[in-house]
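Presented below is the structure to which this report refers.
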């Protein structure tokens, strides 16, 4: 995919960030980061946020890595699913980003359309909205995407299906007040857009609560979401569990080490992969009384007893369809803490905060 190297002026970056309604953000990402202007403006508003940058251009990526060493930066052709999957950073961010900022490529030379896959169907649209819709897969429930788009993106014939999809599943707010202005080397009419997921009313699919001790008391469990990134591990530290250590309902420690201050569990616990095909053989019992850190591709269920852990695992086996539907996504299926907590509660668990 070719790049449109019309970087965001600092005054426009500030306007895009100001258009967001988010007061707090743990993770902020820009998947067409360019020279990083949007993310620099984001740092000034969300000072404690983890900053994630992605771009196709080698030069842009090298410049960001040199000037912003505390950012996580990856080279990626964002509209290519295989390129996103190969990234060390992006797979673990599916469904996890609080605030997405975008100034996506605008031009579609020769009227080029891009096939965009969503969990609700596939359709063709222009490059800018293809970026937006793909980026929304990384947004967490309650998150927000704020973007600067070409002013015709929301009313062109080519983008009609994409806009219909966005208006149905997301709350969409626009600001046309800025109208037209100069980017460096380009004059363009643009609109500021904000998107946040609508609350979907789902059909009832509850199961009878069946996770309980023999005494009849409910099982209590705490959900622990791992945050250790595999490309940033220390040479020594707390033993770490990654998805490659999980198979056949067992955890085989392979010598990885994580930072001791990262989220961790101690046996008895259940470990689940956060990204990938939802197979029950990767739902693993961890019973050792040794505390382990979790990679950002692992979610742990901290249990109070071995019998509680086995009880939950047995419930997952009885309700395989419900276990499978916890994982969703148009690219790699992924599991969110919110979906996992909802299923655990439906199964009768008391989930601690």
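Rule-based calculations on the coordinates, nothing more; no lab input. Since the structure is predicted, the reported quantities are computational estimates derived from the model, not experimental observations. Please note: Cβ atoms are built from the backbone with ideal geometry, for glycine as well, and neighbour counts cover all protein chains shown.
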Averaged over all viewing directions, the convex hull of the alpha carbons in region 305-353 casts a projected area in nm² of 3.9
The chain: antiparallel DSSP beta bridges as a percent of all, rounded to 5: 70
Just 253, 79, 94 to compare: in a GNM of the chain, with alpha carbon springs under 10 Å, which one fluctuates most? 253
When ranked by the protection proxy of mean other Cβ atoms within 10 Å per residue, highest first, what sequence do the peptides 310-316, 145-151 form? 145-151, 310-316
With a 10 Å radius around each residue's Cβ, average the other Cβ atoms per peptide and rank 294-305, 48-59, 254-265, highest first. 294-305, 48-59, 254-265
With Cα springs under 10 Å, the Gaussian network model of the chain assigns the largest mean-square fluctuation among 131, 114, 327 to 114
Kirkwood estimate for region 90-158, i.e. one over the average of 1/r between Cα atoms, Å: 12.8
Taking every DSSP beta bridge that has both residues in region 97-165, what percent is antiparallel when rounded to the nearest 5? 50
In degrees, nearest 10, range 0 to 90: what is the angle between the Cα axis of helix 58-67 and the longest Cα principal axis of the chain? 70
So how compact is region 10-197: Cα radius of gyration and Dmax in angstrom? 15.3, 43
Among (1) 21.7, 72; (2) 21.5, 65; (3) 18.2, 55, which one is Rg and Dmax of the Cα atoms in Å computed from these coordinates? (1)
Can you pull the Rg over Rh of region 220-352, Cα-only, Kirkwood? 0.94
Looking at region 30-181 only, what percent of DSSP beta bridges run antiparallel? Nearest 5 please. 35
